[in-house]
Amino acid sequence: MSVPIANLPFGQRPRERLLAVGPAALSDSELLALLLGQGRRGESALELAAELLAEYGGIPGLAAARPEELFRRAGVGVAKAAAIIAAFQLGSRARAEPEAAPRLESAADVVRIARPLFDGARVERILVLVCDTQNRLRQKVFVAEGAVDQVAVPIREILNTVLRHDGRAFALVHNHPSGTATPSLDDRRTTTLLIEAARTVGLRFLDHVVLAGEQWSRATPTTLGRE
């Protein structure tokens with residue numbers, strides 16, 4: 001029979017244990033239970049947490065789960081799924097070493113900055129690297145996500161993203177999770193349209209890089225940072 005967390009002895013409850021002995025002393029299930037808040041009918045948050053970890057093979061597998069996979073599971077839902085995804089993203093950002101505004105001077109610089117952000121991605125995603133007038137990185141923003149082998153490129157949203165972050169130049173990165181890094185004909189056509197659109201609003205297009213695991217290639221017909 002399931003025992004609700006509220007009915008556990010005070011010193012065995014995850015929240016109280018975290019406050020008393022610190023987060024490092026808690027198990028993966030206890031930490032996840034704190035994010036979940038509550039379980040489902042007949043099952044405590046601790047039991048639901050243990051089930052999720054077993055289903056995904058532990059923390060690494062759960063960290064790679066897509067939001068819709070989680071919120072469709074009984075007892076999770078949209079709010080809990082969002083909390084789990086957000087927690088893993090915060091952890092990833094906390095582990096990232098601070099960088100003093102790197103400059104994008106080549107396609108290799110674009111790849112170095114973007115590749116870690118695509119680790120574990122199972123669908124195509126589009127990343128915009130927003131830069132200042134000196135090609136120094138200001139922001140990294142995902143603007144779209146699609147299917148395993150296709151994602152629509154929202155040209156207007158890309159340009160608006162750069163402008164919202166006071167950018168003056170930008171590079172585009174997307175991944176091919178189910179194939180090679182070779183740019184498709186559509187990738188190259190989109191790049192040409194984006195170059196023209198950027199010029200129209202006074203922005204400088206730097207590069208468009210396609211990632212596929214450790215491979216990468218350019219979908220850009222011009223040299224980085226040059227018209």
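The values are calculated or read from the model by the stated rules, or taken from the named source; none is laboratory data. Just so it is clear, the model here is predicted, and its values are computed rather than measured. FYI the Cβ positions are ideal-geometry reconstructions off the backbone, even for glycines, and counts take in every protein chain you see. Heads up: the accessible areas ignore ligands, DNA and RNA and are worked out on the full protein's heavy atoms, side chains in. Shrake-Rupley method; radii C 1.70, N 1.55, O 1.52, S 1.80 Å.
Return the pair list, or none, for Cβ contacts closer than 8 Å from residues in the range 170-193 that are aromatic (Phe, Trp, Tyr) and crowded, with 22+ Cβ neighbours inside 10 Å to residues that are modelled with pLDDT of 90 or more and part of a loop (DSSP other than H, G, I, E, B), at least 6 apart or on different chains.
These pairs meet every condition: PHE170/LEU203.
Checking the conditions here, which among GLU30, GLU99 is acidic (Asp, Glu) and at pLDDT below 85?
Working: GLU30 fails: at pLDDT below 85.
Matching residue, one of GLU30, GLU99: GLU99.
Can you tell which of ILE113, ILE158 is buried (at least 17 other Cβ atoms within 10 Å of the Cβ), more than 21 Å from THR190 (Cα to Cα) and not acidic (Asp, Glu)? Quick ask: steps written out before the conclusion?
Working: ILE158 fails: more than 21 Å from THR190 (Cα to Cα).
Testing whether each residue is buried (at least 17 other Cβ atoms within 10 Å of the Cβ), more than 21 Å from THR190 (Cα to Cα) and not acidic (Asp, Glu) leaves just ILE113.
Quick test for you: out of LEU104, LEU62, LEU48, LEU90, pick the one residue that is closer than 30 Å to CYS131 by Cβ and open to solvent by less than 30 Å² (accessible area, probe 1.4 Å).
Values: LEU62 fails: closer than 30 Å to CYS131 by Cβ; LEU48 fails: closer than 30 Å to CYS131 by Cβ; LEU90 fails: open to solvent by less than 30 Å² (accessible area, probe 1.4 Å).
Answer to the check: LEU104.
List every residue pair whose Cβ atoms lie under 7 Å apart, where the two residues are 6 or more positions apart in sequence or sit on different chains, the first residue falls within the range 32-46 and is outside any helix (DSSP H, G or I), and the second residue, located anywhere, is open to solvent by 20 Å² or more (accessible area, probe 1.4 Å) and among the aliphatic types (A, V, I, L, M).
As it stands, the answer is ARG40/ALA74; SER44/VAL3; SER44/ILE5, since those pairs meet every condition given.
Name the residues in the range 65-81 that are open to solvent by less than 60 Å² (accessible area, probe 1.4 Å), of a type in the set (A, V, I, L, M, F, W, C) and either in a helix (DSSP H, G or I) or without any contact (Cβ under 8 Å) to a residue 24 or more places away in the chain (or both), would you?
Residues satisfying the conditions are ALA65, LEU70, ALA81.
Within the range 206-216, does at least one residue satisfy the condition of being under 21 Å from the mean Cα position of the chain (by Cα), buried (at least 16 other Cβ atoms within 10 Å of the Cβ), outside any loop (DSSP other than H, G, I, E, B) and without any contact (Cβ under 8 Å) to a residue 24 or more places away in the chain? Before the answer, list the steps.
Just the residues of the range 206-216 that are under 21 Å from the mean Cα position of the chain (by Cα), to begin with: 207-216.
Checking which are buried (at least 16 other Cβ atoms within 10 Å of the Cβ) leaves us with 207-212, 216.
Now narrow it down to the ones that are outside any loop (DSSP other than H, G, I, E, B): 207-212, 216.
If we keep only those that are without any contact (Cβ under 8 Å) to a residue 24 or more places away in the chain too, we end up with none.
Taking every residue of the range 206-216 in turn, none turns out to be under 21 Å from the mean Cα position of the chain (by Cα), buried (at least 16 other Cβ atoms within 10 Å of the Cβ), outside any loop (DSSP other than H, G, I, E, B) and without any contact (Cβ under 8 Å) to a residue 24 or more places away in the chain.
Of everything in the range 119-130, what is open to solvent by 20 Å² or more (accessible area, probe 1.4 Å) and either under 21 Å from ARG103 (Cβ atoms) or touching a helix residue (DSSP H, G or I) at 6+ places or on another chain (Cβ under 8 Å) (or both)? Give them in sequence order.
GLY120, ARG125
Each row is one residue, and each column tells you yes or no for (1) among the basic types (Lys, Arg); (2) without any contact (Cβ under 8 Å) to a residue 24 or more places away in the chain; (3) in contact with a Cys (Cβ under 6 Å, 6 or more places away or on another chain).
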| site | (1), (2), (3) |
| --- | --- |
| ALA83 | no, no, no |
| ALA86 | no, yes, no |
| ALA100 | no, yes, no |
| ALA108 | no, yes, no |
| ILE113 | no, no, no |
| ALA121 | no, no, no |
| ARG125 | yes, no, no |
| LEU129 | no, no, no |
| LEU137 | no, no, yes |
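Can GLU196 be described as under 18 Å from ILE113 (Cα atoms), without any contact (Cβ under 8 Å) to a residue 12 or more places away in the chain, surrounded by fewer than 22 Cβ atoms within 10 Å (Cβ to Cβ) and among the charged types (D, E, K, R)? Spell out the reasoning first.
Values: under 18 Å from ILE113 (Cα atoms): no; without any contact (Cβ under 8 Å) to a residue 12 or more places away in the chain: yes; surrounded by fewer than 22 Cβ atoms within 10 Å (Cβ to Cβ): yes; among the charged types (D, E, K, R): yes.
Against the criterion (under 18 Å from ILE113 (Cα atoms), without any contact (Cβ under 8 Å) to a residue 12 or more places away in the chain, surrounded by fewer than 22 Cβ atoms within 10 Å (Cβ to Cβ) and among the charged types (D, E, K, R)), GLU196 does not qualify.
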